[in-house]
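Undergrad: Just passing along the structure, written as structure tokens.
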Amino acid sequence: MKQPKKRRFQLNERQLGYAMVAPSIILIAVIIIWPILLSAWNSLFDYRLNDPSKAERITSLSINLETYADNRYLVYDTMEDVRDTMPQAESTLANITSALDEQHETLLKTDEGLADRYEEVNTMLENYQPVNDDDLRLTEIPEAWTDGFTATLDEQTAAVQTLREDAPEGAIQPLTDLESQLSNTKNAVLEPNFVGVNNYTQYLANGRTWTAMLNTLLFTVVTVGVELAVGMLVALLINRVFIGRGLVRAAVLVPWAIPTAVAAMMWTFLFDGQSGIMAHYMAQLGIIDDPGVLLSTGAGGMFSVMFADIWKTTPYMALLLLAGLQTIPRSMYEAAAVDGANKFQQFFSITLPMIRSAILVAVLFRALDAFRVFDLIYVLTGGGPANSTESISVYAYKLLFEQQNFGAGSALSVIVFLSVALLSTIFIKLIGSDLFSGRLKQ
Amino acid sequence: MAKRAGIGFYIFLIIFVFLVMFPFIWVFLTSIKPQGEIFSSFQWFSSNMTFENYVSALETRPLLLYMLNSFVVATLTTIISIIVASFTAYAVTRLPIKFKGLILGLVLAASMFPQIAVLSPIFNFVTDAGLRNSYLGLVIPYITISLPLAIWILSTFFIKIPLSLEESAKLDGATPFQTFRKIIFPLAAPGVFTTAILVFIAAWNEYLFALTINTEDSWRTIPVGISFYQSQFSVPWGDITAATVIVTIPIVVLVLLFQRRIVAGLTSGSVKE
């Protein structure tokens, strides 16, 4: 009797386990993995938020029913105004109406159920509801209809133009409106903006992308290298018993704990050519010719962002390494000293091998952070002067949100993602299974 | 290597700490100088100390509102993230499920992805869901970003709790979830607290999403708010230094109170014990 009961308990435990893991996995899938795939998909389009004809990803010739219905309503409404102010326009208006109606009828017949969808969109617009559902709003249309539709609109726009030439004063405004509404109706037609790998070839051939890539690599190698070397030195020096340990630890943690944007603002002030004390002292010591060069030249700017990053992160690196050093048993050094090993030999044959995995893990996470650098550069130099400190993330951000070019910006973010993936694969190969140690039941 | 410290060591230590703290010291000294002196002199101490910069920093921009926004976003993120992460950490370290290596690998990979690669799709989601300029619009991405860190650190703490306690709970008839809620979670409280501090700091400091999603001034968080003090035409260093001091104080307090825990959390991922 006891055996099956115990098995059921086991099963419940396992089910609970999957249930407890599920929320994290779902969040990671929805907020990280799915968006990365979407970025990759977006990068294949000429997708721009600030251009209404490219603000969607369109794989085949389509019509935006929302724009179409909206403009159709406006055109008919304005035609009433024209009628009121210019009775002699009646025949032209009748032409426009019949031409548009004919196109409209043909359009609704191109796809089954399109008439119902058009009605639905129309009702939503009447209630001032935005139409967010892409399946409702966008529909594929045949090329033949589109050609006829555009030609009709051009014809009628020209007709309205002619009408305006001898229109009375009061009719000028409605006619101008009508003309622009007719030509705006063409915006409802969405040309496919799928461009394949065009964004990649275009931006990989672009000098600015490579400058940004090289800046990022240089920034990563220099900052992580210096942080590791200086951090190690500091860790070795403070790896002893002294008074005020807690205070030193807190002092060292503050630069790490403050927001990077705040640190960047502080350094903008300290490096400022006019009132920055760092720039002032460096110029007085003859390190730089003029206090202005730090933020107004490419080399100065690069130095500034690197210096600020090293200041912010070295103490953190030192803490990580110190924790590693403290796990080395003292007896190993004593034994080595008995065998006549000097301090350097001890460092290279005991210290380094013992904290190898701690160093690799610290370097991995630092290098990934440095490679993604955004806040520090964006706030401290804005990528300037003349893009000389721009990192790849900063460039991607500017394309995405300053130029609203989601296609090209996504292509660059996919490149950042692939670089990071490559970087971490190399590191994980080096570190091996040590990363998981202590977290899995063996 | 527990050497005794000599006088030379303390001199080195003082210089080191001074260099690390120098930017803060200088920013603080600048913040209490009158406007005119900031631009004209490099004197360390001003003869006429003033708090006018502080008044101006609080008046020209809603600094306290930024801090409130940061506080709400960071607190919500911390609470939700800890709950979700502790579930996963418990299941991975204690329950007999398959694919543990795969799950941890996924979590690790999620901690490495560049945020710029998910920014534009998340921006589109949040815009479509009408969550721009709201707390939730930031909390949802933040929870996910902080999950890997939280799961990682919590697992190291959970695995240290002796199995025997669970066994006896099981014998007393506790269900697995009761064991988690009443035994493991309370026993790992120090670890949970450490993780909470790190998640809170990470959410408090986040810049990229906050910059992109909450563009209205009244919804900005501290890092973004501070970076908007400089305008195109003038740089009000007095205001900026004063604002920096104001926002740094809570962090200094946090670090002073919890430095031991923070270090324990930071090193739990990298050092084998």
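Undergrad: Only loop residues by DSSP count here, and only those with at most 13 other Cβ atoms within 10 Å; note down the chymotrypsin sites (Phe, Trp or Tyr not before Pro) in segment A:58-132 that meet that.
TA: A:Tyr128
Undergrad: Taking Cα pairs under 8 Å and at least six residues apart, what relative contact order does chain A come out at, in percent?
TA: About 22 percent, as a whole number.
Undergrad: Which whole number gives the average, over all residues in B:13-21, of C-beta atoms from other chains lying within 10 Å of the residue C-beta?
TA: 5
Undergrad: Kindly state, to the nearest 0.05, the FRET efficiency for A:Asp289 paired with A:Ile328, given R0 = 35 Å and r defined as their beta-carbon distance.
TA: Result of the calculation: an efficiency of 0.15.
Undergrad: Between A:Ala335 and B:Asp128, what is the spin-label point distance in nm, taking each point 7 Å from the Cα along the Cα→C-beta axis?
TA: 6.2
Undergrad: FRET efficiency for B:Thr50 and A:Ile426, Cβ-Cβ distance as r, R0 = 60 Å, nearest 0.05?
TA: That pair, B:Thr50 with A:Ile426, gives E of 0.65.
Undergrad: Next question, about the same structure. In percent, what relative contact order does segment A:234-329 have, based on Cα pairs under 8 Å that are 6 or more apart in sequence?
TA: It comes to 36 percent, rounded to a whole number.
Undergrad: Name the residue from B:Gly101, B:Trp44, B:Leu65 whose Cα lies farthest towards the positive end of the charge dipole of segment B:44-141, charges +1 on Cβ of Lys and Arg and -1 on Cβ of Asp and Glu.
TA: The residue sitting most towards the positive pole is B:Gly101.
Undergrad: Count the DSSP beta bridges whose two residues both fall in the protein assembly as shown, then state the antiparallel fraction as a percent rounded to the nearest 5.
TA: 80
Undergrad: Further question on the same structure: Which peptide among A:234-245, A:280-291, A:256-267 comes first, and what is the full order, when sorted by highest mean count of other Cβ atoms within 10 Å?
TA: For the peptides A:234-245, A:280-291, A:256-267, the packing ranking is A:256-267, A:234-245, A:280-291.
Undergrad: Taking the Cβ-Cβ separation of A:Asn132 and A:Ser183 as r and a Förster radius of 22 Å, what is the calculated FRET efficiency to the nearest 0.05?
TA: 0.25
Undergrad: Ok, one more. How many partner chain Cβ atoms sit within 10 Å of a residue's Cβ in peptide A:238-251, on average, as a whole number?
TA: Taking all residues of A:238-251 together, the mean is 6.
Undergrad: Considering amide H positions built from the backbone, and no H for Pro or chain starts, which residues 5 or more places from A:Leu190, or on another chain, come under 5 Å of its amide H?
TA: Those qualifying (amide H under 5 Å, at least 5 residues apart or on another chain) are A:Ser62, A:Ile63, A:Asn64.
Undergrad: What's the average, rounded to a whole number, of partner chain beta-carbon atoms within 10 Å of each residue's beta-carbon in A:402-413?
TA: Per residue, the number of nearby Cβ atoms from other chains is 2 on average.
Undergrad: In addition: Report relative contact order for segment B:62-228 in percent, whole number only (criteria: Cα-Cα under 8 Å, sequence separation at least 6).
TA: Relative contact order of segment B:62-228: 43 percent.
Undergrad: To test your reading of the geometry: what angle, between 0 and 90 degrees and rounded to tens, separates the Cα axis of helix A:356-371 from the longest principal axis of chain A?
TA: 30
Undergrad: Here's a follow-up. What does the charge dipole of the protein assembly as shown about its Cα centre add up to, to the nearest 20 debye, if the Cβ of each Lys and Arg holds +1 and the Cβ of each Asp and Glu holds -1?
TA: 6760
Every number here is computed from the coordinates shown, using simple stated rules; none is lab data. Everything numeric here is computed off the predicted structure, so don't read it as measured data. Glycine also receives a Cβ, built like all others from the backbone with ideal geometry; neighbour counts cover every protein chain displayed.
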